[in-house]
Amino acid sequence: MQVSVYRYDPDVDEAPQMRDMSIDLPEGKELMVLDLLERLKEQDPSLSYRRSCREGVCGSDGINMNGLNGLACITPVSQVAKRGKLALRPLPGLPVIRDLVVDMSQFFDQFEKVRPYLINDQPPPAQERLQSPEERAELDGLYECILCGCCSTACPSFWWNPDKFVGPAGLLQAYRFLADSRDTASAERLRDLEDPFSVFRCRGIMNCVNVCPKGLNPTRAIGKIRGLLVRQGT
Amino acid sequence: MTQVTSLARSGLADFLIQRLSAVVLALYTLCLLSFFLVNDGLDHRQLVEFFGSASMRAFSVLAVLSTAAHGWVGLWTVGTDYIRPHYFGARAVVLRMAYQVGCALLLFIYVWWGIRLFWMLPG
Ligand code: SF4
Ligand code: SF4
Ligand code: FES
């Protein structure tokens, strides 16, 4: 099988380039793209990428496989390879540190901006802040995000304005706390999102939904935030 | 980056303006469409009568204003998406200003011409 890998070592290379490597796949056994990378690394130990859990939990091995963002560890090679060919690139739009490793600072700066933690100005109760099962159910489809960055780096609006548009991952988390019955800072949270960029740069293309390896739907969360903003503002 | 040139300086207000103007334009289109479909073989006098009525004048002017508002929000967004230092370096700010002035001028001419056209119809 032909694998074409994005290679860039800023200390040595003038410019990034795609380098072809070939590899024999074992018969009758499905490999994940991460397995493939591990084998390629045996061929060329200088190949760099991030990984940790190898089971779709940590979110560290988001890469671009034949044009589609996803987690290398849970993406079967057969699902992304086309006619025996596979091109592996770093997540698009972010600065490349080396090979498939990108600098996620812009992504996490936007995440921090939405204050992704519970804010509650009431005195804490003796034991815990309770939620009804219905209130808890509001957080389904929101809390599962593993911050892999696949969605935001597939989003054109995030490519154009990564410093001002919060991006799908950050907005999903913004809504996660807006929807939390225990959070008392909704009004402030909404005020922080009301400018022309933070939320309203979303053009509803749904690239984010298309790639999320956890099957989450940031576009729906963004729609809900818009709805809350309209209700608060009118 | 400058947000001063955004129509309402608030994403929410821009968003609402864009939706509202879209509704006005859709209704205006429907109104014209049904007029032309129902009336076959119109002559000049009938047209002047239709567009010269007080309500159609007001509606037409509203449609022209909606076009300008809708256009401005959209064009401003396109400009701030694509005319950025990332692609154009230090020239981006000047280029974007030129682009925005160009768009504003164009839309202003549309509005001025549209209002003249519809408001000053002989009727
Ligand atoms: S929403 Fe999905 S794609 Fe985006 S960061 Fe979370 S898990 Fe990754
Ligand atoms: S729906 Fe919005 S957030 Fe998702 S990819 Fe499209 S513009 Fe980005
Ligand atoms: S290695 Fe942890 S998500 Fe893939």
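Under conditions of 20 °C and 1.002 mPa s, the protein assembly as shown yields 89 µm² s⁻¹ as its translational diffusion coefficient, taking Rh as the Kirkwood radius over Cα pairs in the Stokes-Einstein equation.
For GluC sites (Glu not before Pro), the sites in segment A:1-82 that DSSP calls loop and that have at most 14 other Cβ atoms within 10 Å are A:14, A:27, A:30, A:55. Here is what passes the span test in chain A: the DSSP H helices with alpha carbon length of 18 Å or more along the helix axis and a Kyte-Doolittle mean of -0.5 or above are A:218-233. Computed per residue of chain A from DSSP H runs no shorter than four, each worth -39500 (n - 2.57), the mean residue ellipticity at 222 nm is -8500 deg cm²/dmol.
Take the Cα of residue B:26, go 7 Å toward its beta carbon, and the backbone nitrogen atoms of segment B:61-81 under 18 Å from that spot belong to B:63-64, B:66-71, B:74. Highest mean packing first, where packing is the average number of other Cβ atoms within 10 Å per residue, the peptides B:85-92, B:12-19 line up as B:12-19, B:85-92. Per residue, the convex hull around the alpha carbon atoms of segment A:105-233 comes to 110 Å³.
Restricting the trypsin sites (Lys or Arg not before Pro) of segment A:122-213 to loop positions (DSSP other than H, G, I, E, B) with no more than 16 neighbouring Cβ atoms within 10 Å leaves A:129, A:182, A:203. Hey, which lysines would be in cross-link range of residue A:164, C-alpha to C-alpha under 17 Å, not counting anything within fewer than 8 residues on its own chain? Straight-line reach from residue A:164, under 17 Å: A:113.
A Cβ-based charge dipole, computed about the Cα centre of the protein assembly as shown with Lys and Arg at +1 and Asp and Glu at -1, lands at about 900 debye. Extent of segment A:2-101 along its three principal axes (Cα atoms, max minus min coordinate, largest first): 41, 29, 23 Å. Straight-line cross-link reach from residue A:85 at under 30 Å between alpha-carbon atoms covers these lysines, not counting any fewer than eight positions away in the same chain: A:29, A:41, A:214. Membrane-span-like helices in chain B, defined purely by DSSP H runs whose alpha carbon atoms cover 18 Å or more axially and whose average Kyte-Doolittle hydropathy reaches 0.0, are B:11-38, B:54-82, B:92-119. The Cα-based radius of gyration and maximum Cα-Cα distance (Dmax) for segment B:2-119 are 18.0, 57 Å. A DSSP coil position with no more than 15 other Cβ atoms inside 10 Å describes the following chymotrypsin sites (Phe, Trp or Tyr not before Pro) in segment A:139-233: A:143.
Take the Cβ atoms of residue B:87 and residue A:121, set R0 to 35 Å, and the FRET efficiency comes out at 0.20.
Each Lys and Arg contributes +1 and each Asp and Glu -1, all at the Cβ; summed about the Cα centre of chain B, the dipole is approximately 460 debye.
No lab work stands behind these numbers, since they all come straight from the coordinates. Quick caveat: nothing in here was measured; it's all calculated off a predicted structure. When we count neighbours, we look across all protein chains shown, and the Cβ atoms used for this are built from the backbone with ideal geometry, even at glycine.
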